[in-house]
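*Asks:* Quick one: this structure, given as structure tokens, is what I'll be asking you about.
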Amino acid sequence: MIEIGAQVDLSHPAERVWRALTDRELLGRWFAEAEMVEGVPDRMLLHTAGLPGFEANVEVEVTERQEPDLLVLACDEAGRLSELTCTVTTTKQGCRLELREVSTHGAWSAEQHEPREQQLRQALTVRLPAILDWIAFQQVDLRRADGGMTTELPLIGVRGRAGRKPRRRRIVVAVVAGAVLLAGTAAWVTLPPDDSKPAAVPAPTATASPTVTTDPTTVAPTATASARPSRTTASATTRPSRTPSAKPSRTPASAAPPPPSAPSITARYETDSSRLFGYTGEIVVGNPGGAPVADWAVVVTLAEGTTVDDVDGANWRQDGRVITFTGAAVAAGGSQTISFDVRDSRPKAREPESCTIGGQQCAGL
């Protein structure tokens, strides 16, 4: 018996998670497109062909349903049979969703098992939370002052004073939260572009042009400069005076700067995909040199309140907003790809604040 499993803690009520599990349109947004089988109400066809770890579409049939706690599905993937159990457990912060798939006939190959489990884990930790946030946003009635709220989001850790009605407290908190959201969005939309720095103007240099005059009492002409007093020359009976040379002084030519040396390791950032509250980033670490590079580190700075859920292709550690990626040595002329999923509470956020490798800015950011 081969088993694949994953779980995630969600800050949403169990009823909302149950809706994302059972609604055909929502299921297609976070896992795979679903198509109802005509004439059979509890049977669907999931279009999973082409997804990592899947060889064909999966036909599923509901065998047990206990709303909103338990959903059991019998799965058929081109003759390979399995049972998928979805368990929803209420927690203080929301609920915990656990998915467990067990093969009942046939088995997944070694090449299928790991990508299939990773696909399931990514769907649970990245795409499903984004869809739940979207559902919660859609359920909030911003005109609550006219007729109340259609559905209220859970307020965790908010406790009012004695004598105040709970409904009034919820309205005040919701209005403040809405004002903050609108103000933040307006600031983001009207943020002016960075002004380019003015070019430095070189200071003017004063050059003194000498004027030459002829003294009738002397044999040789004398030269006087307009920027400084002229020198008094000796009498004509002695020796001719020395006049300042009109030739410009020689200035040594500035030495050309040496050509910059090629970097031993490079990195390029690209946003692979984006969603309502987050994105998937990809960093390609390259080694253009002729020898392997072992000691490398990519440092990414995220926005305030942003978290990383899943990383593929590197080891990583987080210190506040700073994420450091490290990994195996990159061969000469080779590259290594890092993929990481980001949950960002800012609307339309598509990239981190900065990305560097060896103190140099990553290309593409």
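*Asks:* Given a Förster distance of 35 angstrom, what is the FRET efficiency for Ser264 paired with Glu114, based on the Cβ-Cβ distance and rounded to 0.05?
*Replies:* In this case the efficiency is close to 0.60.
*Asks:* OK, next. How far apart, in nanometres, would the label points at Leu70 and Arg100 be if each is projected 7 angstrom from Cα along the Cα-to-Cβ direction?
*Replies:* Computed distance between label sites Leu70 and Arg100 equals 1.1 nm.
*Asks:* Separate question: Could you let me know the centre-to-centre spacing of the range 93-132 and the range 299-359, using Cα atoms, in angstrom?
*Replies:* 23
*Asks:* Could you rank Asp69, Asp341 by how accessible they are, 1.4 Å probe, largest area first?
*Replies:* Solvent-accessible surface, decreasing: Asp69, Asp341.
*Asks:* With each pseudo-label sitting 7 Å past Cα toward Cβ, what's the Ala107-Glu33 distance in nm, one decimal?
*Replies:* For the pair Ala107/Glu33, the computed spacing is 3.4 nm.
*Asks:* Now a separate question. Given a Förster radius of 35 Å and the C-beta distance between Thr307 and Val40 as r, what FRET efficiency does 1/(1 + (r/R0)^6) yield to the nearest 0.05?
*Replies:* For Thr307 and Val40, the calculated efficiency is 0.30.
*Asks:* Okay, next question. Quick one: which residues, 5 or more positions from Ala297 or on another chain, have an amide H under 5 Å from its amide H? H modelled 1.01 Å from N in the peptide plane, none for Pro or chain starts.
*Replies:* Amide H to amide H, under 5 Å and 5 or more residues apart or across chains, Ala297 pairs with Gly358.
*Asks:* Does anything in the range 284-324 have its amide N under 16 Å from the 7 Å Cα→Cβ label point of Ala363, and if so which residues?
*Replies:* Answer for the range 284-324: 284-290.
*Asks:* Moving on to the next point. Could you give the length gained by full extension between Ser354 and Gln318, i.e. 0.36 nm per residue of separation minus their alpha carbon distance, to one decimal place?
*Replies:* Full-extension gain reported as 11.5 nm.
*Asks:* What is the distance, in nm, between label points placed 7 Å from the Cα along the Cα-to-Cβ direction at Ala329 and at Thr87?
*Replies:* 4.6
*Asks:* Would you kindly find the accessible area of His105, with a 1.4 Å probe and non-protein molecules such as ligands, DNA and RNA excluded, rounding to the nearest 10 Å²?
*Replies:* So the heavy atoms of His105 present about 110 Å² to solvent.
*Asks:* If you don't mind, another one. Please report, as a whole percent, how much of the solvent-accessible surface of the range 62-115 comes from carbon and sulfur atoms (probe radius 1.4 Å).
*Replies:* 48
The values are calculated or read from the model by the stated rules, or taken from the named source; none is laboratory data. Fair warning: this is a prediction, and the values are worked out from it, not measured in the lab. Because the Cβ atoms are built from the backbone with ideal geometry, glycine has one as well, and the counts that use them run over all protein chains shown. Ligands, DNA and RNA are stripped out before the accessible areas are found, and what is left, the full protein with its side chains, is counted by its heavy atoms. Shrake-Rupley method; radii C 1.70, N 1.55, O 1.52, S 1.80 Å.
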